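Right, one structure below, let's go through it.
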Amino acid sequence: MREIPFSPEMMATLGLVAGLDGRELEGNSNSGYVNTLREALPKAMEELTDRQREVAILYYWEQMTQEEIAVRLKLTQPTVNEHLNRAINNLRENIEKHL
């Protein structure tokens, strides 16, 4: 699997998507939390299925719409939506497990 760049913005986005407590991820007061999240997110992403990871990367990193992803992957938009929802639910569980 290729290295996934986790910028502070991406960590904040995925953290919020995964239902974390919404704490600001920048600043000195919570650098330990940021470091923990930085370690947890790649581990959580690795636990997704290949398709869930692919859809999440295209949606969150490449900022593609579900329709664009469907065309690229030759899937229907509802199927892309299903993979994305499962990815979000699995990320939520996996991030919590690694925090």
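If you filter the stretch 21-49 down to residues that are acidic (D, E) and over 12 Å from the mean Cα position of the chain (by Cα), you find that the one that is modelled with the lowest pLDDT is D21. A search for C-beta distances below 7 Å between a residue of the stretch 56-72 that is touching a residue at least 12 places away in the same chain (Cβ under 8 Å) and any residue that is part of a loop (DSSP other than H, G, I, E, B), counting only pairs 6+ apart in sequence or on different chains, returns A56/L48; I57/I4; L58/M64. Candidates are the residues of the stretch 48-99 that are small (G, A, S) and within 30 Å of N35 (Cβ to Cβ); the one that is surrounded by the fewest Cβ atoms within 10 Å (Cβ to Cβ) is A56.
The values are calculated or read from the model by the stated rules, or taken from the named source; none is laboratory data. Bear in mind that the values here come from a model prediction, so they are computed numbers and not experimental data. We place every Cβ from the backbone using ideal geometry, glycine too, and count neighbours over all the protein chains shown.
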